[in-house]
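One structure is given here, and the rest of the page talks about it.
The values are calculated or read from the model by the stated rules, or taken from the named source; none is laboratory data. Note that the coordinates shown come from a computational prediction; the quantities given were computed from them, not determined experimentally. Heads up, the Cβs are rebuilt from the backbone with ideal geometry, glycines too, and the neighbour counts pull from every protein chain shown.
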Amino acid sequence: MTTLGLWCGSIGISLGLITTLSQLIRVYRHGTEGVSIATWTMFATMGTFWIAYGIAIHSWMVIGGSLYILPFQVWVIAKLSPLVNANIVVRSALTVVVMTWAMALIGGWNLGLIGTGLAMSWNRVPQTLALIRSKTAEGVSVTTWLGGAIAAGLWMVYYVADHHWFALVATAMAGVGNIIITVLALLRHHQARRA
């Protein structure tokens, strides 16, 4: 592992933690309006896959990338009435399990990583469609999605340095989704200011 890779992984972990905490603080201060239990359930379920993958490749960096934020993701889910929305929670978790864990069981970690990339892309579709259909981006944090895009870029450098090509592809898929949401949210915020 190169020094650059280690630095990028460390900064990626920190940025992921900061963006997750910013959403947590937003939920605490302003309530859950505009926060999707499906999205957060999928994030947490994908996190368990990344932790297992980190254990498999003996990477404390990959383990930490999801392990540090998992309790905060669970806290956000708890604030979104998971018992009332049990159907959404179960469907969201099962979608990720099929796309990640089932794929890994069928074809190994690399196929599971491709499934994870697809799951991470799928996870961003509802937010993307909402921004396309809506004239506002109320409840959408440009800073959080931009932070996610930057973190994805940092993780990509880490995976290149560590020669984990399938993890690189999966992370790139998420990063593209983050960039699309960031640009759409910026556009909608700009339009709302002009109106």
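Screening region 133-156 for residues that are in a helix (DSSP H, G or I) and over 18 Å from ILE18 (Cβ atoms) and picking the one that is farthest from the chain's Cα centre (by Cα) gives ARG133. Can you find a residue in region 82-91 that is touching a residue at least 24 places away in the same chain (Cβ under 8 Å), surrounded by 17 or more Cβ atoms within 10 Å (Cβ to Cβ) and within 17 Å of the chain's Cα centre (by Cα)? Scanning region 82-91, I find at least one residue that is touching a residue at least 24 places away in the same chain (Cβ under 8 Å), surrounded by 17 or more Cβ atoms within 10 Å (Cβ to Cβ) and within 17 Å of the chain's Cα centre (by Cα), so the answer is yes.
Across region 27-46, the qualifying residues are those that are over 14 Å from the mean Cα position of the chain (by Cα) and under 19 Å from TYR68 (Cβ atoms), and the one among them that is surrounded by the most Cβ atoms within 10 Å (Cβ to Cβ) is VAL27. Restricting attention to region 120-166, the residues being closer than 17 Å to ALA38 by Cβ and at pLDDT 95 or above number 0.
Is it the case that MET42 is closer than 28 Å to ALA185 by Cα and of a type outside the set (Gly, Ala, Ser)?
yes
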